[in-house]
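All remarks here apply to the structure that follows.
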Amino acid sequence: MSTRFQAQIKPTTVETLEAIRERLGLEPNDRAGLLEELARLAAWSIEQASRGHHIVATDNVAGVSGEEHIDPVLQRLRRDASGVEVEPVMLNEAEAARLRALMTEPVELNQDFVSALRRVLDGERVPPELDWGA
Amino acid sequence: MTVARPIIEVFDADLHPPSLLREFRNQEESLVRYLNRYARKNVERHKLNQTFLAVDRFRKPARIAGYFTLAVCSVEAQSAKAALEPLSTLPGYPIPGMLLAQLAVDERVQGQGLGTFLIDEALLRTLHVVQAGQIPIRLFVTDPLNEAAVAFYERYGMTRMSDDYPARMVQDLKPYLEA
């Protein structure tokens, strides 16, 4: 049984939907068809994110490595899929750029950090003796 | 002069009553306030947000010499633009991490090695989570409140993300765990 669906949408959304309609080759008045296609495409993305998967577009023919589909809604679904309560740490653009540099540039391991990891993994640590004074 | 070694204890409202917490002293008022007002609430609300206390039980009454708080975190880009470019060599957002939300030593016993011991303890517990395999922790994150704290973490090779305070510093654990 079909249902009537109506919504008030912003002009930018109208433009986006129109562009998608044309790309899909749908008739101008085929809004139901457009909604069905969008629902089918979105459902797959949501299902993948709900399983904790990342969605990456890859051009196998040209051998170009993939571009990941980044979306806050999908990020939240992946986080929820982990089943773990987490504290969100939001990075602004400048911070994200610094993190990107940290994670992509060659790393010279910090020896103090290496020593700290060795200490904890060796398991033979003793708290310091503390002098509280008078 | 009294000398003793503290014991690391997981924060427990029954074992660590307000009278014990009130005795903790630190130059940063927010760190004292957190211990007294928020540590209990955060433990109750967030199962993976835990506060660990370094307690001197040799003293009578006992005293808290230091503490730190760990929380599993999800590092996310505020904007899609920030997250998008370039991503080919990065994992996608969100990036799982462990947040060392607070670390403080009582001002009366600073400079005696407890801060180093506490960060070691925080790393140990982070490694436990990594080894358990439930969450693929990639980043170790902390938010130092002042220049002295920034210098403390910079010694460990942590990189500053923010010029403001809290400074937000990050260590990518992957190269170290693979080495």
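The values are calculated or read from the model by the stated rules, or taken from the named source; none is laboratory data. This one's a predicted model, so the numbers in the text were calculated from it and none came from an experiment. Glycine also receives a Cβ, built like all others from the backbone with ideal geometry; neighbour counts cover every protein chain displayed. Note: areas computed on protein heavy atoms with side chains; ligands, DNA, RNA excluded. Shrake-Rupley method; radii C 1.70, N 1.55, O 1.52, S 1.80 Å.
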Original post:
Failed condition for residue B:149, given (1) surrounded by fewer than 15 Cβ atoms within 10 Å (Cβ to Cβ); (2) part of a helix (DSSP H, G or I); (3) touching an Asp or Glu at 6+ places or on another chain (Cβ under 9 Å); (4) not charged (D, E, K, R), with all others met?
Top reply: (1)
Original post:
Taking region A:109-134 only, how many residues are outside any helix (DSSP H, G or I), open to solvent by 30 Å² or more (accessible area, probe 1.4 Å) and either among the hydrophobic types (A, V, I, L, M, F, W, C) or touching a residue at least 12 places away in the same chain (Cβ under 8 Å) (or both)?
Top reply: 3
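Table: residues versus (1) among the aromatic types (Phe, Trp, Tyr); (2) closer than 29 Å to residue B:161 by Cα; (3) at pLDDT below 85.
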| position | (1), (2), (3) |
| --- | --- |
| A:1 | no, no, yes |
| A:5 | yes, no, yes |
| A:23 | no, no, no |
| A:41 | no, no, no |
| A:66 | no, yes, yes |
| A:72 | no, yes, yes |
| A:79 | no, yes, yes |
| A:83 | no, yes, yes |
Original post:
In region B:93-136, what residues are surrounded by fewer than 22 Cβ atoms within 10 Å (Cβ to Cβ), in contact (Cβ under 8 Å) with a residue 24 or more places away in the chain and part of a loop (DSSP other than H, G, I, E, B)?
Top reply: B:135, B:136
Original post:
How many residues, within region B:157-172, are of a type in the set (S, T, N, Q) and in contact with a Phe, Trp or Tyr (Cβ under 7 Å, 6 or more places away or on another chain)?
Top reply: 1
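When you check residue B:43 against the structure, is it assigned to a helix (DSSP H, G or I), at pLDDT below 85 and over 29 Å from residue A:102 (Cα atoms), yes or no?
Yes: the conditions hold for residue B:43.
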Original post:
In region B:58-110, what residues are in contact with a Gly (Cβ under 9 Å, 6 or more places away or on another chain), within 8 Å of another protein chain (Cβ to nearest Cβ) and modelled with pLDDT of 95 or more?
Top reply: B:108, B:109
**OP:** Would you please list the contacts, defined by Cβ atoms under 7 Å and residues six or more apart or on different chains, that run from a residue in region A:91-108 that is facing chain B (nearest Cβ under 7 Å) and without any contact (Cβ under 8 Å) to a residue 60 or more places away in the chain to a residue that is open to solvent by 40 Å² or more (accessible area, probe 1.4 Å) and assigned to a helix (DSSP H, G or I)?
**Re:** A:93/B:81
